[in-house]
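Single-structure report; data block below.
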Amino acid sequence: MRRILTAGLAATMLALGGINPAVAGNAAPGSPHITGQIMVKFKDHGAAASVLRQHGLGQGHGIGNTGVHLIKVPTGKELGFIEALSRNPVVEYAEPDAIATAVTDDQYFPSQYALHNVGQSFTNTAGTLLVEGGKADADVDAVEAWGVTTGDGIKVAVLDSGVDLDHPDITPKVVARANFSGAATNDDIYGHGTHVAGIVAATANNATGVAGVCPGCTILDVKVLNDSGSGSASAIAKGIDWAVANGAKVINMSLGQRVSSRTLETAVNNAWKKGVVIVAAAGNAGTQAQIYPAAYPNVIAVAATDNNDAKASFSTYGKWVDIAAPGVDVYSTFPNHEFVIGTQNKRSMGYDIASGTSMASPVVAAVAALTWSTPAGTSNTSVRAKVESSADKIEGTGSLWDEGRVNACKAVGCDP
């Protein structure tokens, strides 16, 4: 399991800007954030209204169970109010509402090696070679794991861009939906969330489409990214809180933001204290730069591997990353209607390939869900420990990631 990073370390960002989580209000001017609002936590909640009135601000609304207020401020004045409020002794911290985006990559080659692979090549319907045969057994041994459990009834919350409202392979697996994105519909217009949800729990043995890593699991569809694939830290925090309240045993977040948010970390820590396993994509920078929520200690950070069991070229890596999983050319569900990713990258409606740590993260989330339904599933601590300790120690373990490449069969106690 990843060692806890010291609080004094300044966060390394994916690209522009950053925030030092140890210094309230220390936001770089270039850090992307939602305009017109900030997040404030008070040491003395009784003084909140008075302090905010002094600055001409209303009290705003709470963000889940974090104890944080989402405060409306004049557009363009966010950092100024953060600095002013941070100087008040009754304010624990003030921070921007950072923007998070879907963590994906645009590679596009049909294959399906992640569940069960014997080194085969992959062709399209015309017989054209698309992906040359990779290393045998570069998969997570999901098929073997299903001999022990298919994870029946385990709820996995997918915090993403929504899940298609009309897809026969994944829509029936959705047992509840919530929308914190500000988008007009729960439907997945962007396309990312449907692909992620299918990796987790697409229906198996129905003579169509694909099978999820945890085919018995159900999905809590928590839309926190809008129809352009971006969302706010406050929306994600609300989504985490809702997922916990609705019985999630695992939360997957195939998304990331460049800055650390104390509000988002509080939501993560609250979920962990409630017994939930939390999994997030490590990012596609190809560097060791940390992104959030993956870099928080109570989150399993996931890097991506390819069909040769090697680090994907785009994958973020480093000792802060906990585990790896297949994330290149992962075949899964896409919306049955036109969607943004498809328009941008010529991906097909219904089913297609996508690559990124966004695809690797739900593989690990699904393995955690399978593990919940075994004797190891006594607590989130034991499930996380089992998933990480049973990973295959492929090349790069200990340097590119801490524990290895996830193995579903070993995690649930079978012999691959």
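How would you classify the range 122-412 from its alpha-carbon gyration tensor, with a ≥ b ≥ c the square roots of the eigenvalues: rounded for a/c under 1.5, else prolate if a/b is greater than b/c, otherwise oblate? Note, shape of the range 122-412 comes out rounded. Given a cut-off of under 8 Å on Cα pairs at least six residues apart, what relative contact order in percent is computed for the range 122-412? Once normalised by length, the contact order is 22 percent.
Counting only Cβ charges, +1 for Lys and Arg and -1 for Asp and Glu, the dipole size of the range 205-271 around its Cα centre is about 120 debye. Looking at the range 317-405, which GluC sites (Glu not before Pro) are DSSP coil and have at most 15 other C-beta atoms within 10 Å of their C-beta? Sites meeting the loop and neighbour criteria: Glu338, Glu395. Shown for Cys414, Cys409, Cys217: other C-beta atoms within 10 Å of each C-beta, ranked fewest to most, produce the order Cys414, Cys409, Cys217. With the simple model of a label 7 Å out from the Cα in the direction of the Cβ, Asn88 to Lys274 spans 2.8 nm.
In this structure, the residue pairs whose Cα-Cα separation is over 19 Å, taken from Lys41/Lys72; Lys155/Lys274; Lys43/Lys77; Lys238/Lys274; Lys173/Lys410; Lys43/Lys223, are Lys43/Lys77; Lys173/Lys410; Lys43/Lys223.
Partner lysines whose Cα lies under 17 Å from the Cα of Lys311, excluding those fewer than 8 positions away in the same chain, are identified as Lys135, Lys319, Lys393.
Evaluated with a Cβ-only charge set (Lys, Arg +1; Asp, Glu -1), the range 222-341 carries a dipole of roughly 500 debye about its Cα centre, given to the nearest 20. Projected label points at Thr185 and Ser399, each 7 Å from Cα along the beta carbon direction, are separated by 4.9 nanometres. Among 149-157, 322-330, sorting by the average number of other beta carbon atoms lying within 10 angstrom of each residue, highest first, gives 322-330, 149-157. Kindly work out what percent of the DSSP beta bridges joining two residues of the range 122-412 are antiparallel, to the nearest 5. Percent antiparallel among DSSP bridges in the range 122-412 is about 25. For the range 160-262, relative contact order (Cα pairs under 8 Å, six or more residues apart, normalised by length) works out to 32 percent. Taking 51 Å as R0, compute the FRET efficiency from the Cβ-Cβ separation of His337 and Gln54 and round it to 0.05. The pair His337/Gln54 has a calculated efficiency of 0.55. Sorting 260-272, 203-215 by their mean Cβ neighbour count within 10 Å, with the most densely packed peptide first, gives 260-272, 203-215.
Computed from the coordinates by the stated procedures, all read-outs in this text should not be read as laboratory data. The model shown is predicted, which means the values in this text are computed figures rather than measured ones. All Cβ positions, glycine included, derive from the backbone under ideal geometry; neighbour counts span all protein chains shown.
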